[in-house]
Each structure stands twice: as C-alpha cells, then as structure tokens.
Amino acid sequence: MTRAKPTQEALEAIAALCDGRWDFFYTRSKLGSDPVYSAVVREITGTTLPLLDIGCGIGLLAHYVHACGHEMAVTGFDYDKRKIASAQAMAAKAGHPHLDFTSGDARTGLPDFSGHVVILDILQFFTEAEQDALLTASAARVAAGGKLIIRSGLRDDSWRFRITVLGDYLAKYTFWMKAAPTCYPDAAQFQRVLGAAGLKVRIEPMWGGTPFNNYLIVGER
C-alpha cells in the first residue's frame, strides 16, 4: 500500500538511523517540513521504474519514498563522500535491499541508468554550461513513461531569489555544502535544454512555507 506521506512514526524511524546528532536533528526537521519529498512521491506514484537521485546527500529521499510504500530500487549519487558514507550506513541499518549509494562528480559522468531521475537543490553550484550538460545527461536516463524531477531556485528579480542566494551562502559557511553558488538557472534554460532532449516540461512554484524562490521542474518522456 502506498501513501502520499509517511506517518510521523516512520519519519522518526528514519531520523533514528542517523549516527550523529547533527544528521539526526537535520533529518527530523528536513523530512517534517520540506514539501519537495511529497512532491517527488506524487510524481512517481503509479509507476515502478527505478529512481536515480543525483545529489542525494545522506539519502533522505530514498528513505522517504520507501516509507510511503514504494519499493522501487533507488540509486543515490553525490559528490560528498562523507554524506555518501552516512547514506550507506543508514541504508544498512534500515535493511533496505534496494538502496544503493555511490560517490562521484556529476560534471564528469553519471551512473548507467534508466528510470526516473531526481535533481534537488544542486544546479546553482554548476556553471551554465555544466548545467546544460548535466540536464542533457539526466534526460538521457529518463525511461519511457519516466520523469526528470528537479527542484531549483530560479534566477529573477524577486525578493525570494535574494533570500535563496543568502541561504546557499549560509549553507556553505556552515560547511553543510562544500561550495558557494555559481550560477542560478532560469525557466527558459529548462525549456530549451529539456525540450531539445525530447521531454515535455512543466514548471510550477515550490515555495511551500519557505521564503525561497524554489520551483519544481518536471520533464516527462
């Protein structure tokens, strides 16, 4: 049985998988407040395709998806080896046989894959050319009936965008992220690159209860 959101008990169980106190409190807060996880579940519901999470961090999306009753295989891929080690440890504790986490640089290559692809909150750390290359490579890994699901801040002249930039620099200075933001995409870039890759593109606000200029971008094959 699948559900739109996990129970509170299930969210607490995911947080309990963390070894460190920082990861524990981050996980409990992030899963309980960030609307992107339920948005991804909404997009993949009704399918059994595997999922590739690019920039997976400590693997929270994979655990959230499984807590909603989806049993598809999830591959997590991230540049930060410390986060991948935490993701692997959490998956081992949970006993999920369908979760796999590896480290690597998305600028130099992605795992061989076909299914749904997810990219959450990392595009601003790439140059525009690197973004185009990553979006094209990601779209090539979207299977028939699959989706490329992205959350990204979009570049515009809004106060939300200014707060988004400030938040990304704060993440860098608190060492949660390894790099400061480089380039923020705009809506036209997604339409151009993903359209050329044969995906039907949909863009909608994803602010939730936050002040950030986040959007959900979905490319469907």
Tell me, which residue of segment 104-133 that is within 16 Å of L61 (Cα to Cα) and at pLDDT 95 or above is farthest from the chain's Cα centre (by Cα)? G115
Tell me the residue from C68, C56 that is touching a residue at least 24 places away in the same chain (Cβ under 8 Å), within 16 Å of the chain's Cα centre (by Cα), surrounded by 20 or more Cβ atoms within 10 Å (Cβ to Cβ) and closer than 26 Å to R221 by Cα, please. C56
I'd like the full set of residues that are of a type outside the set (F, W, Y), assigned to a helix (DSSP H, G or I) and surrounded by fewer than 17 Cβ atoms within 10 Å (Cβ to Cβ), limited to segment 11-27. E12, A13, R21
Selection from segment 80-112 of residues touching a Ser or Thr at 6+ places or on another chain (Cβ under 8 Å) and under 24 Å from E128 (Cα atoms) yields D80, L110, P111
Among the listed residues L49, L110, which satisfies the condition of being more than 25 Å from M1 (Cβ to Cβ), assigned to a loop (DSSP other than H, G, I, E, B) and among the aliphatic types (A, V, I, L, M)? L110
Count - residues of segment 1-10 that are part of a helix (DSSP H, G or I) and of a type in the set (G, A, S): 1
Take the residues of segment 37-53 that are without any contact (Cβ under 8 Å) to a residue 40 or more places away in the chain and farther than 22 Å from N214 by Cα: which is surrounded by the fewest Cβ atoms within 10 Å (Cβ to Cβ)? G46
Considering every residue within segment 91-98, establish whether at least one is in contact (Cβ under 8 Å) with a residue 60 or more places away in the chain and in a loop (DSSP other than H, G, I, E, B). no
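The values are calculated or read from the model by the stated rules, or taken from the named source; none is laboratory data. Worth saying up front: this structure is predicted, and the values here are computed from it rather than measured. All Cβ positions, glycine included, derive from the backbone under ideal geometry; neighbour counts span all protein chains shown.
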